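> My questions all concern the structure below.
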Amino acid sequence: MAQLPLSEQDMLVDRGAGFITRAEELAYELKVEQVMTRDVKTVTPRTLIIDVLNLFREARISGAPVVDQDRLVGVISIEDLIRALRDSGRSELRASVSDYMTTRLVTVNVYDSIIEALKLFAKTKLGRLLVVDRAGRLAGIITKGDITRGLLNALQRDIETEELKRYRASHLFEDIISDRTSLILRYHIAPRDFINGGAASSNIKRALLRLGANPQLARRCGVAVYEAEMNLIIHATNGGDIEVEIEPHQIVIHVTDDGPGIEDIEQAMQPGFSTAPPEIRELGFGAGMGLQNIKRSVDELNIESTPARPRLIMKPKRGREEWELSREPAPGQGTRLTMKFFLQADQSLERHSSTGRESAE
Amino acid sequence: MRLADVLNIVQARFFLPDSVQSPSPSVLNRELRVGGSADLMSDVLCYDMSQGLLITGLINPQTVRTAEMVDVAAILIVRGKTPPPETIRTAWEAGIPLLGTQMTMFEACGRLYMANLPSAVRFAGAPPPDCTAH
Ligand SMILES: Nc1ncnc2c1ncn2[C@@H]1O[C@H](COP(=O)(O)OP(=O)(O)OP(=O)(O)O)[C@@H](O)[C@H]1O
Ligand SMILES: [Mg+2]
């Protein structure tokens, strides 16, 4: 497991940084290969300066890597060409690239974050960097322009995907017309599944936020359904089911299981009452506060429970000399929690109705 | 108080999934409104922990899920415990930074409080805290 102690240097960088924008954050996330130019015009050490000049003019570029049989050997730029011209005048444009190219190469790797490229630009004052792949071969070049374009595209994608998700979901209730539209989310919760425990609640909370629920409401639903979900995992023999019915003006959550049921609901509602065994308490559950937290979070709560009624099934074996006994839960037992949340007109998930109301006032 | 300050004050480090090299710098700048400590999950939900730092000795994935329900900004695990990979992954996916310190709960809370991290307030409707005493 990566446990990175934050180095002093990291801390210093961070202190100096103050407020970090999403663009700066992206500079760490985006890789050089995601923004570099791949289709690079290259020359060989034997290419003539006059041909380089023509290439630069036609392709509107100001520099090119020099490659010799797959190997990156140098770079030639417009400054080198000017030097060649000054040295020898027009007549001597017959010199070759190898005479004027720069062989001290500044490279970045395809897998580097673009922040590395930015640091190199700042340090070297170069206009372009050569990008090499894992085998050290030329993979492309990167300019400050490439980086700016890459960042802008990524920022745009960021905004678009989140907005698209929110748009798609938040307009559901106005885009689909019916007398009564509701969206139903269903989850099955396995008993004692502590690894995934709480995952359904987390998905429900996210769904509500995407649908345009205000954060306060999403939090209340989240807390209530989380406690109910953990109760299924901890107390219900076979786990159970969560069903969330979302309508523009109300959210109804049913949580059902088939046993063992609650003997005395009023007692179970008492803060601090818990039947959780010690090993469950060690995990941080069993404070006996779950139902209280649910009660506090909902607008209406209904708990029905049929406690275990033992049933003994006897089947004769070997000519009635022996009997096979099995104990099974009687059908119909279990707990059903119904939690309701009512949305005020200004919190409605249906935008039309709320704005309509506002303008009517 | 920013998360970067917490790293200094309680000498904490990040728990990150294997595939991740370092926390993103914006995370270090995350502002913490309050702090609260609990070793019982239902108790966490009794406090207004939104944008707060949850300080706990629990390391199971539910710690993260509980934190997510009340919009906790970051989780600090005390007593040098190492959370299992599921917990680290859950935290990463939920976008909640997970930190660890060798300090005891008492020392970590004490230092953070002295450094002006305010205490989370119990929700008005929540049952009195002493009812959880066993
Ligand atoms: N689905 C259920 N099936 C059977 N019994 C239940 C169920 N839900 C709750 N109970 C009973 O009600 C008691 C109180 O539940 P509550 O959620 O308030 O506390 P808890 O689960 O014991 O602890 P906490 O929720 O604080 O971790 C439980 O200890 C259990 O006996
Ligand atoms: Mg419970």
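The values are calculated or read from the model by the stated rules, or taken from the named source; none is laboratory data. Since this is a predicted model, take the numbers as computed values, not measurements. All Cβ positions, glycine included, derive from the backbone under ideal geometry; neighbour counts span all protein chains shown. To get the accessible areas, we keep the full protein, side chains included, count just its heavy atoms, and leave off ligands, DNA and RNA. Shrake-Rupley method; radii C 1.70, N 1.55, O 1.52, S 1.80 Å.
One line per residue, one yes/no per condition, for (1) crowded, with 24+ Cβ neighbours inside 10 Å; (2) free of Cβ contacts under 8 Å to residues at least 40 places away in the same chain; (3) within 22 Å of A:GLU263 (Cα to Cα):
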{"site": "A:ARG210", "(1), (2), (3)": "no, no, no"}
{"site": "A:ASN214", "(1), (2), (3)": "no, no, no"}
{"site": "A:LEU217", "(1), (2), (3)": "no, no, no"}
{"site": "A:VAL223", "(1), (2), (3)": "yes, no, no"}
{"site": "A:GLU227", "(1), (2), (3)": "yes, no, yes"}
{"site": "A:ASN231", "(1), (2), (3)": "no, no, yes"}
{"site": "A:ALA236", "(1), (2), (3)": "no, no, yes"}
{"site": "A:GLY239", "(1), (2), (3)": "no, no, yes"}
{"site": "A:GLU243", "(1), (2), (3)": "no, no, no"}
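> Are any residues in the stretch A:283-300 within 14 Å of ligand 2 (Cβ to nearest atom), open to solvent by less than 70 Å² (accessible area, probe 1.4 Å) and not small (Gly, Ala, Ser), and if so, which ones?
A:LEU283, A:PHE285, A:MET289, A:LEU291, A:GLN292, A:ASN293, A:ILE294, A:ARG296
> If you don't mind, another one. Contact list please: Cβ distance under 6 Å, first residue in the stretch A:294-306 and within 14 Å of chain B (Cβ to nearest Cβ), second residue within 13 Å of ligand 2 (Cβ to nearest atom), pairs at least six apart or on different chains.
The qualifying pairs are A:ILE294/A:ALA224; A:ILE294/A:GLU227; A:SER297/A:VAL223; A:SER297/A:ALA224; A:VAL298/A:ALA224; A:LEU301/A:LYS295.
> Looking at B:MET41, is it among the hydrophobic types (A, V, I, L, M, F, W, C) and touching a helix residue (DSSP H, G or I) at 6+ places or on another chain (Cβ under 6 Å)?
When the stated conditions are applied, B:MET41 passes them.
> How about the stretch A:1-51: which of its residues are more than 30 Å from A:ALA64 (Cα to Cα) and at pLDDT 60 or above?
A:THR21, A:ARG22, A:GLU25
> Considering only the stretch A:301-312, state which residues are surrounded by 10 or more Cβ atoms within 10 Å (Cβ to Cβ) and modelled with pLDDT under 85.
A:ALA308, A:ARG309, A:ARG311
> Within the stretch A:98-202, which strands (runs of 3 or more DSSP E) (wholly inside it) include 3 or more residues that are over 27 Å from the mean Cα position of the chain (by Cα) and of a type outside the set (Phe, Trp, Tyr)?
A:128-132, A:138-143
> Pairs please, first residue from the stretch A:110-133 and more than 17 Å from A:PRO65 (Cα to Cα) and without any contact (Cβ under 8 Å) to a residue 12 or more places away in the chain, second anywhere and crowded, with 17+ Cβ neighbours inside 10 Å and among the small types (Gly, Ala, Ser), Cβ atoms under 9 Å, 6+ apart in sequence or on different chains.
none
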